[in-house]
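The values are calculated or read from the model by the stated rules, or taken from the named source; none is laboratory data. Because the structure is predicted, anything quoted here is derived from the model rather than measured. Positions of Cβ are generated from backbone atoms using ideal geometry, with glycine treated the same way; all protein chains shown enter the neighbour counts.
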Amino acid sequence: MEYRYSEIIDPSVYETHGLANGIALRGHKEPMKEIRGAHRAQVDWSTHVKPLANYKGGLGQRFSFMQVTVPECLPERLEIISYANEYAFIYDDEMENLDLENVSATSPGMLETFGKSALDGNTDGKSRPEKRLQAQILKEMISIDPQRAITSMKAWAKFVQLASQTRESPFRTLAEYVPARVIDAGELIWFGTLTFGMALTIPDDEYDLCMELARPGYAVLGLTNDLYSWEKERQAAEKAGQDYVFNAIWVIMNEQQVSEDEAKAICAEEIQRYATIFCRNVDETKQNLALSRDLRAYIEAVMYSCSGNLVWSIYCPRYHEF
């Protein structure tokens, strides 16, 4: 893949806790575009849905999320995908606090917003405010790239339908949990984000192979999220009165009867194991010139999403109090 919009970040200025598997960290050259998109999403939500309080999303003091997870995003698309991603972060945090039948990120409210009607940009005075913001996202994306905007929205709608089923009951084994975590971590959300942001088109006859090759990378993304968001998610579950946490740490503790620290160490080992598998897929894909350029670029982009997500997770205010 040709690197036009990003640059390598000096590894001496960040930690990886030994989990990067040799993957470099790249950062977008125009990070202010992410900041504008994220701030605009926060303002729009506060204005049209509910004022945000003590909210921490994708922006970071050292590294912001989209800057390092989609480092090769076309500059003119970075603001809108950052807006969309911040919208998702806000949904994750805020929907349970709204007086809307105690909805959550995968409840009927989210289904209405990004579900079957995701491609319907028509809104009126009776439309939920979240739906109007989603319609605004779609409108902006279509104005840039209609075909890929629709592909992204279809992927996001499918994700919501699948994700609504993953948290219905606790998982008892890690082997059962990881495939569900790949879905919940946003395999389809990120497919839409990367293909739109980088103007990639995966040929229909390569789609299944593309998803198969990328899947260990999404396991890395999901388990990394679990490792660093554990305290935040555990507190949220306790507040909601749940007796389980949708998180690998909880699954490992209960399956293997180990302490929290031991579970974290096991989770870190699993991240390393999946990263090794995925990096092998990346190397083989880069060398296979029979595959389309866009598929090869997509797999490489997922790789940089893994290192970006790791470093962001280590430093972000969303998971840590500074």
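At-a-glance table
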item	result
Among residues of region 41-69, those that are part of a loop (DSSP other than H, G, I, E, B), within 23 Å of ALA135 (Cα to Cα) and touching a residue at least 40 places away in the same chain (Cβ under 8 Å), counted	5
Out of GLY57, GLY37, sole residue that is small (Gly, Ala, Ser), over 30 Å from ARG296 (Cβ atoms) and crowded, with 17+ Cβ neighbours inside 10 Å	GLY57
Single unsatisfied condition, TYR14 versus (1) under 24 Å from TYR298 (Cβ atoms); (2) hydroxyl-bearing (Ser, Thr, Tyr); (3) surrounded by 18 or more Cβ atoms within 10 Å (Cβ to Cβ)	(1)
Single unsatisfied condition, VAL70 versus (1) modelled with pLDDT of 95 or more; (2) of a type outside the set (S, T, N, Q); (3) closer than 14 Å to ILE189 by Cβ; (4) surrounded by fewer than 21 Cβ atoms within 10 Å (Cβ to Cβ)	(4)
Set GLU86, GLU76: member being within 23 Å of ASP145 (Cα to Cα) and surrounded by fewer than 20 Cβ atoms within 10 Å (Cβ to Cβ)	GLU76
Extreme residue, nearest to ASN281 (Cα to Cα), among residues of region 9-28 that are in contact with a strand residue (DSSP E or B) (Cβ under 6 Å, 6 or more places away or on another chain) and either β-branched (Val, Ile, Thr) or assigned to a loop (DSSP other than H, G, I, E, B) (or both)	ALA24
Single residue of region 23-62 satisfying the filter (touching a helix residue (DSSP H, G or I) at 6+ places or on another chain (Cβ under 7 Å) and among the small types (Gly, Ala, Ser)) that is nearest to TYR274 (Cα to Cα)	ALA24
The lone exception for ALA214 - which of (1) at pLDDT 95 or above; (2) within 16 Å of MET153 (Cα to Cα); (3) not acidic (Asp, Glu) it fails	(2)
In region 226-268, residue modelled with the lowest pLDDT [restricted to those that are of a type in the set (Asp, Glu) and within 24 Å of ASN309 (Cβ to Cβ)]	GLU233
Matching residues in region 220-250 - criterion: being in a helix (DSSP H, G or I), of a type in the set (S, T, N, Q) and surrounded by fewer than 23 Cβ atoms within 10 Å (Cβ to Cβ)	ASN225, SER229, GLN235
Whichever residue in region 278-294 is not in a helix (DSSP H, G or I) and not hydroxyl-bearing (Ser, Thr, Tyr) and, among such residues, is surrounded by the fewest Cβ atoms within 10 Å (Cβ to Cβ)	ALA290
Of the criteria (1) without any contact (Cβ under 8 Å) to a residue 60 or more places away in the chain; (2) more than 15 Å from the chain's Cα centre (by Cα), which one LEU213 fails	(1)
Verdict on THR195 being at pLDDT 95 or above and in contact with a helix residue (DSSP H, G or I) (Cβ under 8 Å, 6 or more places away or on another chain)	yes
Spans of helices (runs of 4 or more DSSP H) in region 137-219 with at least 1 residues out of contact with any His (no Cβ under 8 Å at 6 or more places or on another chain) and surrounded by fewer than 19 Cβ atoms within 10 Å (Cβ to Cβ)	146-166, 174-184
Every pair of residues 6+ apart whose Cβ atoms lie under 7 Å, when the first sits in region 1-20 and is closer than 14 Å to SER307 by Cα while the second is surrounded by fewer than 16 Cβ atoms within 10 Å (Cβ to Cβ) and hydrophobic (A, V, I, L, M, F, W, C)	ILE8/ALA24
